[in-house]
Amino acid sequence: MSLGCPIREGAARAPEAEALTFAGRRWTYRLLDEAVGRWVAALQAWGVKPGSRVGLLSANHSDAVHLFFALGRLGALLAPLNARLTAKELAPLVQEIVPDLMLAQDALAERLPGAERLEAWAGALPEASTECLPREASTPRVVLFTSGTTGRPKGAVLTEGNFRASARCSAANLGAFPAPRWLGTLPLFHVGGLSMLSRCAYDGGCLVLQDRFDADAVNHALDHEGVTHASFVATTLERVLDARADRPVPASFQLALIGGGPVPAPLLARARAARLLALQTYGLTEACSQVTTERPAEADGQTAGAALPGLEVRIVGPEGQGLGPGQEGDIEVRGPTVMAGYLNRPEATHEALGGGWLRTRDVGVLDGRGRLRVLSRRTDLIVRGGENLYPVELEAVIASHPAVQEVAVVGVPDARWGEVPVAFVVPRAGQAFPLDLDDWCRRSLAGFKVPSRFLALEALPRNAMGKVERTALRQRLSPP
């Protein structure tokens with residue numbers, strides 16, 4: 001089955017419907033179709049063709065949107081690079097991509113030697129090209145690098161079919177909503193940001209794009225831009241509620257997807273009180289964002305929800321055997337959103353996909369209704385004297401302390417136990433560091449689960465997606 005460009009399709013179907021807003025500018029589907037056509041012409045003049053690879057170093061910007069869809073029309077591959085990385089960190093990624101063209105924003109260009117300036121390209125575009133090559137679902141669309149916290153980053157190759165399936169499966173879970181307006185604060189170099197972008201295009205909606213997360217800007221968009229959907233992590237959700245002093249969101253707002261790990265129950269309660277329906281999710285780059293998500297009518301904040309319609313999730317044991325409800329094991333995923341493989345990594349691809357299921361290496365458990373509870377990302381698991389400790393369980397208890405703003409638990413080497421948990425705690429504003437955390441934990445946790453130390457921080461280190469950088473926390477510690 002040949003697939004076309006969703007922006008071209010939207011321009012034919014509803015040319016004056018709004019498709020994109022950014023920094024005070026607005027594009028209807030007709031205007032966005034024309035802008036993408038001009039980028040197609042510029043790329044063709046450079047020699048970009050089917051199978052070409054284009055690297056991009058940019059914060060969220062309308063030019064990145066135009067480039068994404070233009071490369072899709074040419075059957076070329078986009079490699080969006082993390083705008084927070086240093087030149088040293090970027091160099092091996094560029095070597096992995098071997099790009100035919102590199103583009104970078106002026107403010108970031110010194111980190112990417114040899115890159116063309118994005119602003120110069122945008123200011124000198126030729127007449128629009130009508131080129132829109134049909135492509136198959138298997139056509140590589142994007143390569144996104146995993147965080148690399150456990151070693152050399154791997155580039156997950158996502159196809160046109162992956163993005164279309166992700167949009168279709170998400171819509172089936174959330175329910176039909178004509179012309180949604182998604183708030184785009186997630187970075188477009190991350191699968192979450194690109195999934196929102198493509199989801200809007202396939203659903204005939206509008207992406208309300210912001211260059212970065214800012215709580216006041218988010219609330220302005222909620223109150224004045226008709227935003228219906230958004231994606232947050234727990235920290236950004238709390239900052240939005242703090243900034244609006246828990247004032248209810250407008251009735252036009254439908255729901256927010258919350259990724260990056262479980263959300264503390266008190267925060268979910270705050271969101272509900274503000275009429276903000278927050279749905280917990282579980283996903284990963286290799287599965288084109290969402291894998292499971294709570295269903296709007298059934299959300300209770302207890303799990304990350306069931307598999308999206310069209311996807312399968314199972315739990316397996318050490319020997320690959322399937323496990324039943326309530327049994328802890330590795331999370332595996334199967335369905336049309338699963339990546340084609342890792343760029344230039346046949347062995348890693350076979351390891352991840354060889355059995356027909358995506359081996360996530362994350363740990364979880366399914367309940368009797370097929371809902372997933374994520375116990376630990378594989379790299380976060382703490383093994384203390386042969387006992388598996390899941391940071392999320394410890395963090396939930398510590399976060400329930402009234403003086404705690406946020407917390408992260410990591411494992412550190414220990415001569416006696418192999419590993420022990422250490423908790424990094426950020427106190428709430430105006431509150432002293434709580435000295436009773438050990439006792440607090442022992443009321444709810446077995447003694448071997450209680451952190452060996454509780455250390456104060458002003459803020460937890462986070463990446464561009466708002467996820468805690470646990471590697472940075474471990475580096476702060478020396479073996480006791």
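Worth pointing out:
- Subset tally (residues that are buried (at least 16 other Cβ atoms within 10 Å of the Cβ) and either in a helix (DSSP H, G or I) or assigned by TED's automatic domain parsing to the domain that holds V468 (or both)) for the stretch 244-272: 4
- The stretch 463-480 residues that are over 10 Å from H190 (Cβ atoms) and in a helix (DSSP H, G or I), paired with ones that are modelled with pLDDT under 85 and β-branched (V, I, T) (beta carbon under 8 Å, 6 or more apart): R470/T149; R470/T379; T471/T149
- For the stretch 37-47, the condition holds for at least one residue, the condition being that it is over 25 Å from P178 (Cα atoms), in contact with a strand residue (DSSP E or B) (Cβ under 7 Å, 6 or more places away or on another chain) and of a type outside the set (V, I, T).
- Of the residues making up the stretch 202-226, those that are part of a helix (DSSP H, G or I) and within 17 Å of L20 (Cα to Cα) number 8.
- Residue that is in contact (Cβ under 8 Å) with a residue 40 or more places away in the chain, among the aliphatic types (A, V, I, L, M) and either surrounded by 19 or more Cβ atoms within 10 Å (Cβ to Cβ) or not assigned by TED's automatic domain parsing to the domain that holds L112 (or both), where the choices are L78, L85, L90: L78
- Top-ranked residue in the stretch 285-297 [being in contact (Cβ under 8 Å) with a residue 24 or more places away in the chain and surrounded by fewer than 22 Cβ atoms within 10 Å (Cβ to Cβ); ranked as farthest from E332 (Cα to Cα)]: P296
- Of the residues in the stretch 114-132, at least one is of a type in the set (S, T, N, Q) and assigned by TED's automatic domain parsing to the domain that holds E34.
- Among the numbered conditions (1) farther than 29 Å from L158 by Cβ; (2) within 23 Å of the chain's Cα centre (by Cα); (3) surrounded by fewer than 17 Cβ atoms within 10 Å (Cβ to Cβ), the only one that G326 does not meet is (2).
- Every residue from the stretch 13-25 that is loosely packed, with under 15 Cβ neighbours inside 10 Å and either in contact (Cβ under 8 Å) with a residue 60 or more places away in the chain or under 25 Å from the mean Cα position of the chain (by Cα) (or both): R13, A23
- Yes/no for E393 being among the acidic types (D, E) and closer than 26 Å to D214 by Cα: no
- Unmet requirement for T185, which otherwise passes all of (1) free of Cβ contacts under 8 Å to residues at least 40 places away in the same chain; (2) surrounded by 14 or more Cβ atoms within 10 Å (Cβ to Cβ): (1)
- Condition check for G10: modelled with pLDDT of 95 or more, of a type in the set (G, A, S), part of a helix (DSSP H, G or I) and surrounded by 15 or more Cβ atoms within 10 Å (Cβ to Cβ): yes
The values are calculated or read from the model by the stated rules, or taken from the named source; none is laboratory data. Remember, it's a predicted structure, so these values are computed and weren't measured experimentally. Please note: Cβ atoms are built from the backbone with ideal geometry, for glycine as well, and neighbour counts cover all protein chains shown.
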